[in-house]
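Rule-based calculations on the coordinates, nothing more; no lab input. A quick note: this is a predicted structure, and the numbers were derived from the prediction, not measured. Using ideal geometry, Cβ is built from the backbone for each residue, glycine included, and neighbour counts are taken over all protein chains shown.
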Amino acid sequence: MAAAVTGTDRLDQLAANLAAVRRRIEAGCAAAGRDPASVTLIAVTKYFPAADVRHLARLGVTDVGESRDQEARAKVVEVGDDRLRWHFVGQLQRNKIRSVVRYAAVLHSLDRLELVGEVEAAAARYRSLPLPVLVQVALEPAVPGRGGAVPAAVPALAEAVAAAAHLRLAGVMAVAPRGAPPGPAFATLAAVAARLRQRYPAATMVSAGMSGDLEVAIEHGATHLRVGTALLGGRPALVR
Ligand SMILES: *Cc1c(COP(=O)(O)O)cnc(C)c1O
């Protein structure tokens, strides 16, 4: 666990980080002519302890993101706050599907047609309400290990999700390519999202923007920002 500071010091630190991120979001929205209420902050808490999630919830955070099922599943139980919405933002592995559908409020990372049937079956079995699903889009240059469907594959995936009785097609998600400016990538994502909305008007979510590029994502229409480092501090280098 990366958090060395504990107790009220940590709460103060998280409060300061959260205030700074909220100021960035407000400035980004002002520059883009957008209402800050149209942007939801998801605190990505992977590698940080349940205590941090509780602190963030106390500070007003309502949405939390996790990318590794084993860690997430334990943390959901440990935090024990059923007002929080848990977003699964990591790569979706087949053997984790039955676990993820149980606690995820939104699945951000569906990127393969062959997984739709299993996600649908698990949602039918384990959920009382349909699972909101985002199609993860791979943006050029593709980010190895991050997954995502190429834009040309998005319509077929979207159709499969929309046809599944226990899934709800909610929009798109992407991670900006590393080592390239995020603007063109987020513009591509915005175009994919707009095409999707023409056919599925309820698919309004655009999950894009992280600690380093949230202003650019806001400029290109992101509705959900996934922010880890700027809120919680650095993670071990190998963790995505
Ligand atoms: C870890 C992670 C984030 C948060 O990234 P930061 O740069 O720490 O803000 C966002 N999205 C996904 C998919 C992640 O895995």
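Couple of notes before you dig in:
- For the listed peptides 126-132, 145-151, a ranking on the average number of other beta carbons within 10 Å per residue, highest first, reads 145-151, 126-132.
- Most positive-pole-ward Cα, ALA20, ALA163, VAL135, against dipole of the chain from beta carbon charges: ALA163
- Rounded to whole Å, sorted largest first: equivalent-ellipsoid semi-axes of segment 139-240, Cα gyration tensor: 25, 15, 14
- Listed peptides 35-46, 72-83 by packing density, highest first (mean Cβ within 10 Å): 35-46, 72-83
- Candidate membrane-span-like segments in the chain, meaning DSSP H helices with Cα atoms spread over at least 27 Å of their own axis and a Kyte-Doolittle mean of -0.5 or above, are 7-32, with no membrane implied.
- Only helices enter the 222 nm calculation for the chain: every DSSP H run of n ≥ 4 contributes -39,500 (n - 2.57), and dividing by all residues gives -13500 deg cm²/dmol, rounded to 500.
- Lys/Arg +1, Asp/Glu -1 at C-beta; the chain dipole; positive extreme among LEU189, ILE97, SER109: ILE97
- Segment 70-129: C-alpha gyration tensor shape, a/c 1.5 cut-off, then a/b vs b/c: prolate
- The chain shape via C-alpha gyration tensor axes, a/c threshold 1.5: oblate
- Given charges at beta-carbon only (K, R positive; D, E negative), |dipole| of the chain in Debye: 320
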